[in-house]
Every structure is written in structure tokens, then in C-alpha cells.
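What follows is a set of notes on a single structure, which appears directly below.
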Amino acid sequence: MIRYPNGKAYKPLNTSSPSPKKLEASYSNRGMTLEDDLNETNEYYVSKGIAIVHKKPTPVQIVKVDYPKRSAAVIKEAYFKQASTTDYNGVYKGKHLDFEAKETRNKTSFPLRNFHGHQIEHMKQIVKQNGVCFVILMFSTLQEIYLFEAQFLFPYWDAMKKNGRKSIPVKSQSLRFVSLRRPFRQLTLKG
């Protein structure tokens, strides 16, 4: 049985007829469908020998655990050990691959406040070392997903820091549309 890095069992989809994507009603789970799709896509890439990509775990320091039953521990208090960088990394055609996945309900632009300074700095370091670095942006209300190469993100970030535009317009020439068909088999990267 194939398992994702988080231990979840891999369940292949029936790819004979793509079904429309359901939007999650819960705000807390809004990124999970995108994450699940990316995890499935990464499994496809591994199975076909295209790339090796894994979701990076967020390092957490567990402080307090309750044991109501011997077999069931409940974490009561935990803290992030350090600021996380990006969501995924791996190897593609011999190059380091690093990317972040973000989602918004906005229809016209993607808010830059969804990024953190340490993430941008990490992406700049990857690009400087000639790694493949990008962001997957999902506009959930529009049911559209885009690939945004990191080098195009940096000017928007720098302009925002100088009191410029605070979002990336969905009509930006730098956004590359990605089909909602799962997994994203047609996703091709430069590098």
C-alpha cells in the first residue's frame, strides 16, 4: 500500500471521467482540497519517475500531553519550533524543487498578506541557487488554479513593501493556468 508522507493511504482516482471539484464550506479546511490534490499529484510524479516531491512537515515542540486512555494521547499544548519555509520540496530533472501552495476566495486578485517574509526570503535563496521555485495559487471561488514562478512574485512583494499594490491580479501575464483535472498531470516546469 502506498502512503503519503503524513501516513494517509493513497487512493487512486478513477481518471476516466473528471468530476467537478466541490468547494469546502469550512474556512478551516479551505486549503485541504488543494493540498490533497497536490499530494496525489506528487504520488503520480513519483510513480511515473517524473519527480520526487514531498510535503514538508511543520516542526512542532510538544509541551503538554494528556493521556485519558493508555492508547489515546491528546496534545494539549504545542508551539512551532521555527517559522516554516514552503510547503513542498523535492527534485525535478536533477534540480532542487521548492514550492508553496496558497488559496483565496477572492475573485480578482491574490492578497500578498497570505505570504510571510521568511517564505519570500527562502524562495529568493532557492532561485539564487538556480532551484525551481514557484507558488500554486488557487482561486477557490473561480475554481481556477495557477502556477506563479517565484521570480515573478518578488517584484510584487518588493512593491508591496514600498506601499505599492498589495495583491497579484488574477489577470497577471505571469500566472500560468493549471487544469483542475486531478492529478495535475499536464503541469510542466522549466528547468
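The table that follows gives values for the structure above.
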quantity	calculated
In region 91-110, the residues that are hydroxyl-bearing (S, T, Y) and either modelled with pLDDT of 95 or more or within 26 Å of S47 (Cβ to Cβ) (or both)	Y92
Tally, over region 107-140, of residues that are free of Cβ contacts under 8 Å to residues at least 60 places away in the same chain, among the β-branched types (V, I, T) and closer than 17 Å to L34 by Cα	1
Count of residues meeting criterion [among the aliphatic types (A, V, I, L, M) and open to solvent by 30 Å² or more (accessible area, probe 1.4 Å)] in region 88-129	2
Within region 153-176, considering residues that are over 16 Å from H116 (Cα atoms) and among the hydrophobic types (A, V, I, L, M, F, W, C), the one modelled with the lowest pLDDT	L175
Condition met for T85 (assigned to a loop (DSSP other than H, G, I, E, B), open to solvent by less than 60 Å² (accessible area, probe 1.4 Å) and closer than 27 Å to L153 by Cβ)	yes
Leading residue by the ranking (most open to solvent (accessible area, probe 1.4 Å)) among those in region 136-178 that are among the acidic types (D, E) and closer than 17 Å to H122 by Cβ	D158
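Per-residue answers, yes or no, for (1) at pLDDT below 85; (2) among the hydrophobic types (A, V, I, L, M, F, W, C); (3) surrounded by fewer than 11 Cβ atoms within 10 Å (Cβ to Cβ); (4) under 19 Å from M138 (Cβ atoms):
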residue: T33; (1), (2), (3), (4): yes, no, no, yes
residue: N42; (1), (2), (3), (4): no, no, no, yes
residue: Q61; (1), (2), (3), (4): yes, no, yes, no
residue: V65; (1), (2), (3), (4): no, yes, no, no
residue: R70; (1), (2), (3), (4): yes, no, yes, no
residue: K76; (1), (2), (3), (4): yes, no, yes, no
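The values are calculated or read from the model by the stated rules, or taken from the named source; none is laboratory data. Since the structure is predicted, the reported quantities are computational estimates derived from the model, not experimental observations. Backbone-built Cβ (ideal geometry, glycine too); neighbour counts: all protein chains shown. In case anyone asks, the SASA skips ligands and DNA or RNA and just uses the protein heavy atoms, side chains included. Shrake-Rupley method; radii C 1.70, N 1.55, O 1.52, S 1.80 Å.
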